[in-house]
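Student: Handing you a structure now.
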There are 2 protein chains.
Amino acid sequence: MKFQDATVAEIDSIMNKAWQAFLVYRQTSLKQRADLMRSIAQEMEAAGDELIHTAMRETNLPEARLRNERARTMFQLTSYADACEAGHWLEVRIDTAVPDKGDPDLRKWQVPIGPVVVFGASNFPFAYSTAGGDTASALAAGCPVIVKAHPAHAETSEIVAKAITRAIAKANLPAGVFAHVHGVGFETGKALVTHTHTRAVGFTGSYGGGKALFDWANQRKQPIPVFAEMGSINPIFLLPGKLASSAKEAKELAALCAGSVMLGTGQFCTNPGLIVGVEGKDLDLFIEELGVAIGKATPGTMLHPGIAKAYTEKKAAALAEADVTTVAVAAVEPQINQGAPTVASATAKAFLGNPLLHQEVFGPYTLVIQCKNKEEMLGVAQHLEGQLTVSLMATDQDVIDHPEVVAAAQDICGRFILNAVPTGVRVALSMQHGGPFPATTDSRFTSVGADGIKRWVRPLSYQGWSDVLLPDALKNGNPLHLWRTINNKLTNDPL
Amino acid sequence: MKFQDATVAEIDSIMNKAWQAFLVYRQTSLKQRADLMRSIAQEMEAAGDELIHTAMRETNLPEARLRNERARTMFQLTSYADACEAGHWLEVRIDTAVPDKGDPDLRKWQVPIGPVVVFGASNFPFAYSTAGGDTASALAAGCPVIVKAHPAHAETSEIVAKAITRAIAKANLPAGVFAHVHGVGFETGKALVTHTHTRAVGFTGSYGGGKALFDWANQRKQPIPVFAEMGSINPIFLLPGKLASSAKEAKELAALCAGSVMLGTGQFCTNPGLIVGVEGKDLDLFIEELGVAIGKATPGTMLHPGIAKAYTEKKAAALAEADVTTVAVAAVEPQINQGAPTVASATAKAFLGNPLLHQEVFGPYTLVIQCKNKEEMLGVAQHLEGQLTVSLMATDQDVIDHPEVVAAAQDICGRFILNAVPTGVRVALSMQHGGPFPATTDSRFTSVGADGIKRWVRPLSYQGWSDVLLPDALKNGNPLHLWRTINNKLTNDPL
């Protein structure tokens, strides 16, 4: 099935409709929004096997993974619905008038910023796409959503879009609360990002794609925020004490890392593309074991031919660099569109001198960096670009003995992991999925967990308004039973 | 006294020192930071009359105003110190492990982003300058601060900088926690904003200045946030019911507005430069009374010759536009560097067709827009640029009768005022001082109130760390007695 790219005129019409819908949708109660989100989850489930089978055909992802991903997407919708209703994200602050000092009554909360454009991600056809985390959190905030389908799973996206549309109709909300457009060329994306009614953008994909959106958004007459996740090599630092603790430990670490590198054919944003250790027999053993595990692995089919081709080419380019040694490649020959798991190694000196080796090779590939000593390891940590995650494989004593490495690693990541691999992203309020540039365009916000709602709001202070005119969240009686900071004290009591 | 512009080499050295200081300063406890801020307040007071007299000479501001502004600046430092210690801004979220589901322990808080460059404002030599709100909130967050003195009050800035330096020395903190540079040309600012160790920028001034910083920051290899306040005309909407309620009402409103327009010779960022009403005898009376008040006023001396010249020129340009009528100018002839209070009027049609009339005329000037009906008033609200504030002069019934005007007005402001003028900015947690572009570069943050601390932090999640290794804010025992969200419940109990 083919879809037409949306024209500039169609996008203009869609965005005008979205703005009109915004004026209505932002007035809905938290409960109405939460109910809509729960209803979307139900409609996704009701889309049944057709949805799963379409996604399998379009993405080559296995059925079990897709069923899990749909369940995760439904969990996101319902858990963000709960958070929407709980209303912590409204961050209500009230300071009552102090007439003697001339201080007026001030009440601040968060208001939705307006229509949000979401670009579907290739690697998560459900969880980061049409009804994924960006869409769910924007609907919670009170913003209409316009999704540009990822061309690699446009039919899947279409089915999910229809599910959302059904839920909106059942809730008697304006149809403009959600729109779905197709576009293969960059023109569609540019028209969406530069439209005057677009107020924010969510994106998961390549650096080139995300940076283009970021630049367009900043060059607008009225710049708008772009939350783009643009790739990460998620370094794992093997600290010496941990690696030396036992041969068993080194083997187990190697097995753990190999599993993480190959999970989902290496197509997770949290895939560990870099492992950093200090040279010596412990690291040699780790590399050997990692090589064995990778060598025994079976190539997996990648998301689409473009990604498989890019993997093969980028990997070949990295392996062809001077001072890069191929440690192991999966022995089984890859079939068409498959990616062969691969591990390579290089010295810290080679890595620090060669920016190409810092680039993400999207797929089941990792590069082990051998440092001469802990000073070189510190150098690697200090010269790495921003990442979604950094993992330390370390004993408590390692952490205490390497304060500078720990500090440098903290500076480059959003999630700082001890003794675990980066794959596996818990959907929880405490999750930070977003790291310093270029991992994301804005490290101050997360795209996973209910704090993601904060991306789509801005504070508004009411000064001197009558109680009857104030939104429920700010009324004296606290009818929504929110936690509010009143005269610098946190309370859920009425005023 | 003259100061040398900092060279690029000097700035490089200062920023390297700031980064090294950051590595130490971010480890300080909340109490240490709060104590430093309180000590800076004391040192500002200890700077005594010399500080006030220097500021009087440099800014032409009256003594009482400057003494009040110093007191306000000290209040900012001490109240943000209290907020720093209370730690709500750390937004701690903990989700404990659920081994059955494979969910790891995750703990998120806010970490400082690094050295912050602050540009002193011309119109607030204390409160928005060297030890002003940006500096205070950045120090609370754990960030070193580099202030570029405003050239119009460089000596005042130098005295305050010495006060800060003394407080840092007394606290035995690294000298690099604070630096003070001078620069008349744009090169100094550019070198500061583009330095690799600079992680954020605070600015209050012109659109041209703020936009240049914003563009430089976004064009960096690693873009950084810029919080620039760039001007606002703070519209006041006179709704018909309110204006019609009595002749006394119209007169009182006119007196209130005239006072706000002329306060501080119109040199506040919240000065109301636009008043919008529906034509008729009530508005005629209002305009007449406003004209009388302005006509009787005395011109005030402006901050510096450049500002006085700009006021005269911009005002003349606005008054020279077709369809703009001068209602009244202060009868007393202005002396050198003085600005004559002025009120003009125009039709909504003229205003909507002429972007020049939307521009801020920084000084004691306001333009009354006469709309034919409430549809035209809505058009004005919908076509206004982003503002710090919008005021409605309205009865409750007016608000209920004009939902579209109210909605459009809300969309363009950060603080939404009922029946009061915009001048007078309460320093409180509930304050929002920041509005949609071009009022500020980022409407999602405030530059007044303790929530301003959030401009200088980013979230960091710890996954699977031992309690002993975690920062105090995240430890099971809750030694800092913080409010934390644990497994989606807000509590100040230990875990």
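Taken together, the values in this text are just the output of simple stated rules run on the coordinates, not laboratory data. Source: prediction; values computed, not measured. Please note: Cβ atoms are built from the backbone with ideal geometry, for glycine as well, and neighbour counts cover all protein chains shown.
Student: Would you work out the charge dipole size for the range B:236-418 about its Cα centre, treating the Cβ of every Lys and Arg as +1 and the Cβ of every Asp and Glu as -1, and quote it to the nearest 20 debye?
Tutor: Its charge dipole is roughly 460 debye.
Student: Starting from the Cα of residue A:475, draw a straight line to each of the aspartates and glutamates and keep only those under 13 Å, dropping any in the same chain fewer than 8 residues away.
Tutor: Counting by Cα, and skipping residues close in sequence, residue A:475 has these aspartates and glutamates nearby: A:95, A:105, A:467, A:493.
Student: Name the lysines eligible as straight-distance cross-link partners of residue A:211: C-alpha to C-alpha under 24 Å, and not fewer than 8 places from it in the same chain.
Tutor: Answer for residue A:211, where 24 Å is the Cα cut-off: A:148, A:190, A:221, A:309, A:314, A:315, A:454, B:190, B:211, B:221, listed by chain and number.
Student: Where along chain A is the Cβ that lies nearest the axis linking it to chain B, and how many Å separate them?
Tutor: Minimum Cβ distance to the axis, with residue: A:218, 2.
Student: Run the label-point distances for residue A:65 please: 7 Å along Cα to Cβ, every other copy, nanometres, shortest first.
Tutor: 6.6
Student: While we're looking at this one, here's another question. From the mean inverse distance of alpha carbon pairs (Kirkwood) and the Cα radius of gyration, derive Rg over Rh for the protein assembly as shown.
Tutor: 0.98
Student: Taking only the C-alpha atoms, wrap a convex hull around the range A:188-347 and report its volume per residue in Å³ as a whole number.
Tutor: Given the Cα convex hull of the range A:188-347, per-residue volume reads 135 Å³.
Student: Counting only DSSP beta bridges with both residues in the protein assembly as shown, tell me the antiparallel percent, nearest 5.
Tutor: 35
Student: For the range B:103-164, what number results from the quotient of the Cα radius of gyration and 2.2 N^0.38 Å?
Tutor: Rg over 2.2 N^0.38 Å, computed on Cα atoms: 1.44.
Student: Between the range A:147-191 and the range A:1-32, how far is it from one alpha carbon centroid to the other, in angstrom?
Tutor: 9
Student: So, one more: What is the Cα centroid distance between the range B:439-495 and the range B:362-377, reported in whole angstrom?
Tutor: 44
Student: Given a cut-off of under 8 Å on Cα pairs at least six residues apart, what relative contact order in percent is computed for the range A:94-249?
Tutor: Over the range A:94-249, the number comes to 20 percent.
Student: Now a separate question. Mean Kyte-Doolittle of at least 0.5 plus a Cα span of 15 Å or more along the axis: flag which DSSP H helices in chain B meet both, please.
Tutor: B:8-25, B:247-262, B:281-295
Student: Something else about it: Applying 1/(1 + (r/R0)^6) with R0 = 30 Å to the Cβ-Cβ distance of residue B:27 and residue A:383, what FRET efficiency is obtained, to the nearest 0.05?
Tutor: The calculated FRET efficiency here is 0.85.
Student: What is the calculated FRET efficiency for residue A:170 to residue A:96, with r their C-beta to C-beta distance and R₀ = 60 Å, to the nearest 0.05?
Tutor: That gives a FRET efficiency of 0.90.
Student: Let me ask another. For chain A, what are Rg and Dmax over the alpha carbons, in angstrom?
Tutor: 24.3, 81
Student: Also, I was wondering about something else. Mind putting together the pair-distance distribution for the range A:287-346? All Cα pairs, 5 Å bins, whole percent per bin, short to long.
Tutor: 4, 21, 25, 25, 18, 7, 1
Student: Right, something else. Just to confirm my numbers, what's the Cα centroid distance between the range B:382-438 and the range A:219-292 in Å?
Tutor: Measuring centre to centre over Cα atoms gives 50 Å.
Student: Right, something else. Express the relative contact order of chain B as a whole percentage, based on alpha carbon pairs under 8 Å and six or more residues apart in sequence.
Tutor: Dividing the mean separation by the residue count of chain B yields 18 percent.
Student: From Cα pairs below 8 angstrom and at least 6 apart in sequence, can you work out the relative contact order of the range A:236-418, rounded to a whole percent?
Tutor: RCO, the range A:236-418: 27 percent.
Student: Sorted from largest to smallest, which semi-axis lengths in Å does the alpha carbon gyration tensor of the range A:24-146 give for its equivalent ellipsoid, taking the root of 5 times each eigenvalue?
Tutor: 38, 13, 11
Student: With label points built 7 Å along Cα→Cβ from the Cα atoms of residue A:49 and residue B:323, find their separation and express it in nm.
Tutor: With each label placed 7 Å out from Cα toward Cβ, I get 6.7 nm.
Student: Within chain A, which is the longest segment containing none of the trypsin sites (Lys or Arg not before Pro) that sit in a DSSP loop and have at most 15 other Cβ atoms within 10 Å?
Tutor: Answer - A:3-219.
Student: Does anything in the range A:1-23 have its amide N under 18 Å from the 7 Å Cα→Cβ label point of residue A:220, and if so which residues?
Tutor: Residues A:8-23 fall inside that zone.
Student: Now for a different question. Using a cut-off of 17 Å between alpha-carbon atoms, which lysines can reach residue A:251, once sequence neighbours fewer than 8 places away in the same chain are excluded?
Tutor: A:242, A:281, A:296
Student: Still on this structure, I have one more. Can you tell me what share of the DSSP beta bridges in the range B:324-368 is antiparallel? A percent to the nearest 5 is fine.
Tutor: If we restrict to bridges inside the range B:324-368, about 55 percent are antiparallel.
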